[in-house]
Amino acid sequence: MIFPSVAFLMFFLPMVLFVYYVCLRKIKTRNLFLFFASLFFYAWGEPVFVWLMIVSVCWNYLIGLLLGRYQGRERRRKEKISLWLGIFGNLFCLGFFKYSGFLVDNLNRLFHLSVSVPEVYLPIGISFFSFQSLSYLVDVYRREVLPQKNIIDLGLYIAFFPQLVAGPIVRYQAVAEQIKSRQENWHDFSVGFCRFLLGLGKKVLIANQVAVVADKAFNMPASELTVGFAWFGIIAYSLQIFFDFAGYSDMAIGLGKMFGFSFAENFHYPYMASSVTDFWRRWHISLSSWFRDYLYIPLGGSRVGIFRCYLNLWVVWLCTGMWHGADWSFLLWGMWHFVFLLTEKVWHVERKIPAALYRAWVLLLVMIGWVFFRAADIGSGICYLETMFALNSAAALWNDTATLYWQEYWFYLCLGTVFSVDVALQCKKRFAESVLWQRSMLLLQPAAYGVLLLLVLSFVAKEQYNPFIYFNF
């Protein structure tokens, strides 16, 4: 089940809200209901893998209890064994479903073997709930949180449907108190609903529309792709992946707010980044901070020697690429960002170039990276880049196909461009103290949300296919 669907918007969400607020009063029964509602939500699209989710909850619950039992100096060895056992269980599950086919295929090529490649289907969102489980176990081991003794409460943390399949990655310590004693109110509910609606609008009104252009460009034979349409396609894909993922994060944060939970922000206008480092402070913030706190710092971070620090950074970006998918193109994408992050770290090039020029440079680097992220393989990505930069002598500059797609989708690309920067936020800050602005917003804001709701529902009703890019990860 996905958020921009009739099943979710017209049946699942209204029913869950009705039972949660009208039929239930105690926090324990509400948690129990949300847990089973989340399992139903996951089983709607993954009926087989819901058992994997249940096993994951039970496994991490038992390991958490072991970590709590063995805390103490004299039992430190048993505690470490328990932690590594928990880490192995989560990583083995993630590795088997996500990387076993990739591993066997590459071993066959490397050693000229003929081992049959296993057909393993990837459970939706496995990277997200695996990382959440790992953060819980590590935080218990570090004594930053107490082990959860109620399996339903831990299950709700791991399986909560708003952020189950595409994040953001929520830390247990950030929601432990909310699971136990949150206070729902009308203000938070209304704010959450508006945030959910904005995220839904980003997805169906922008991401889904520019995706048509991106899909056409990247699926087009190299002989037919023109220079102009190649740039048109990568700009469209850059907007698609941003509004797709940021829209989902907005919906997750909004839904959480509607049930009394507060999740951290996951995006902050990344295409306005002043450096590649700044881009990763703004893009998928929950993943960047997860790798920083649970991999980079434990490896020694920047507190070690300079070359060890660079090695730590390389390991992080190798893992970041692998996290996104079992394909060499994702590893190349990770290394692409590593090279420019390292360049900034060593030479501080962002300080030596005019700010506006360097922002444009960062945006270009990010878009080139997205080519490998979207292309079917590395070879296809290289061919696409050759056309983009007019290195393919057979490629024309423009053609009728490019004109047709531009005439039909220019509005959505312009809309996406405007809302990918902080124009609305700056307007709000500038006129926040104006009495006329405040009075206007009292009338215009509800009307705007009403129009947005009607538009979103009409687009959802007519579009049957609304995939989220990050469901693959």
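Would you check if there is a residue in the range 99-106 being crowded, with 20+ Cβ neighbours inside 10 Å and assigned to a helix (DSSP H, G or I)?
no
With the structure loaded, tell me whether Val276 is in contact with a Leu (Cβ under 7 Å, 6 or more places away or on another chain), more than 20 Å from Val366 (Cβ to Cβ) and either β-branched (Val, Ile, Thr) or not assigned by TED's automatic domain parsing to the domain that holds Trp406 (or both) or whether it fails that test. No; evaluated as a whole, the condition is false for this residue. If you go through the range 335-370 and keep only what is at pLDDT 95 or above and among the small types (Gly, Ala, Ser), you end up with Ala360, Gly369. The test for being touching a helix residue (DSSP H, G or I) at 6+ places or on another chain (Cβ under 9 Å), basic (Lys, Arg) and under 21 Å from Leu39 (Cβ atoms) holds for Arg182. With the structure loaded, tell me whether Gly321 is over 17 Å from Tyr271 (Cα atoms), surrounded by fewer than 16 Cβ atoms within 10 Å (Cβ to Cβ), among the small types (Gly, Ala, Ser) and not assigned by TED's automatic domain parsing to the domain that holds Gly101 or whether it fails that test. When the stated conditions are applied, Gly321 does not pass them. Regarding Arg351, is this residue under 14 Å from Ser275 (Cβ atoms) and of a type in the set (Lys, Arg)? Yes; evaluated as a whole, the condition is true for this residue.
Exactly one condition in (1) touching a Cys at 6+ places or on another chain (Cβ under 7 Å); (2) in contact (Cβ under 8 Å) with a residue 40 or more places away in the chain is false for Leu295; which is it? Failed condition: (2).
Count of the range 377-397 residues, restricted to those that are in a helix (DSSP H, G or I) and either under 13 Å from Pro221 (Cβ atoms) or not assigned by TED's automatic domain parsing to the domain that holds Asn219 (or both), is 4. Once the range 425-467 is narrowed to residues that are over 31 Å from the mean Cα position of the chain (by Cα) and aromatic (Phe, Trp, Tyr), the residue that is modelled with the lowest pLDDT is Trp437. Taking the range 391-410 as the range and being surrounded by 14 or more Cβ atoms within 10 Å (Cβ to Cβ) and under 33 Å from the mean Cα position of the chain (by Cα) as the test, the residues that pass are Thr401, Ala402, Tyr405, Trp406, Tyr409. Residues that are of a type in the set (S, T, N, Q) and either closer than 16 Å to Trp406 by Cα or buried (at least 21 other Cβ atoms within 10 Å of the Cβ) (or both) within the range 252-268 comprise just one, Asn266. Within the range 394-408, the set of residues being free of Cβ contacts under 8 Å to residues at least 40 places away in the same chain and closer than 16 Å to Ala211 by Cα comprises Leu404, Gln407, Glu408. Just one of the listed residues (Val315, Val304) is surrounded by fewer than 16 Cβ atoms within 10 Å (Cβ to Cβ), more than 30 Å from Ala222 (Cα to Cα) and at pLDDT 95 or above, and it is Val315.
Taking only pairs six or more apart or across chains, which ones have beta-carbon atoms under 9 Å, a first residue in the range 209-227 that is more than 20 Å from Glu386 (Cβ to Cβ), and a second residue that is outside any helix (DSSP H, G or I)? Correct list of pairs: Ala211/Pro467. State whether the residues of the range 403-417 include one that is of a type in the set (A, V, I, L, M), part of a helix (DSSP H, G or I) and out of contact with any helix residue (DSSP H, G or I) (no Cβ under 9 Å at 6 or more places or on another chain). Checked against the condition, which is being of a type in the set (A, V, I, L, M), part of a helix (DSSP H, G or I) and out of contact with any helix residue (DSSP H, G or I) (no Cβ under 9 Å at 6 or more places or on another chain), the range 403-417 yields at least one hit.
Within the range 127-135, is there a residue that is closer than 26 Å to Val165 by Cβ, crowded, with 17+ Cβ neighbours inside 10 Å and free of Cβ contacts under 8 Å to residues at least 60 places away in the same chain?
Yes: the range 127-135 contains one or more residues that are closer than 26 Å to Val165 by Cβ, crowded, with 17+ Cβ neighbours inside 10 Å and free of Cβ contacts under 8 Å to residues at least 60 places away in the same chain.
Suppose we filter Arg292, Arg359, Arg282 for residues that are exposed (fewer than 15 other Cβ atoms within 10 Å of the Cβ) and basic (Lys, Arg); which single one remains? After ruling out the rest, the residue left standing is Arg292. Only a single criterion out of (1) under 18 Å from Val16 (Cβ atoms); (2) part of a helix (DSSP H, G or I) is not satisfied by Val165, namely (2). Residue-level check: of (1) more than 15 Å from Phe160 (Cα to Cα); (2) surrounded by 13 or more Cβ atoms within 10 Å (Cβ to Cβ); (3) at pLDDT 90 or above, Val22 misses just (2).
Leu66 passes every criterion in (1) surrounded by 15 or more Cβ atoms within 10 Å (Cβ to Cβ); (2) under 30 Å from Phe259 (Cβ atoms); (3) in the same structural domain as Pro123 (by TED's automatic domain parsing) apart from (2).
Let's see how each residue does on (1) surrounded by fewer than 19 Cβ atoms within 10 Å (Cβ to Cβ); (2) over 30 Å from Val22 (Cα atoms):
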{"residue": "His187", "(1), (2)": "yes, no"}
{"residue": "Gly201", "(1), (2)": "no, no"}
{"residue": "Ala214", "(1), (2)": "no, yes"}
{"residue": "Glu224", "(1), (2)": "yes, yes"}
{"residue": "Ile235", "(1), (2)": "no, yes"}
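When you check Ser249 against the structure, is it out of contact with any His (no Cβ under 8 Å at 6 or more places or on another chain), surrounded by fewer than 19 Cβ atoms within 10 Å (Cβ to Cβ) and among the polar types (S, T, N, Q), yes or no? So Ser249 fails the test.
The values are calculated or read from the model by the stated rules, or taken from the named source; none is laboratory data. Quick caveat: nothing in here was measured; it's all calculated off a predicted structure. Note that each Cβ is placed from the backbone with ideal geometry, even for glycine, and that neighbours are counted across all protein chains shown.
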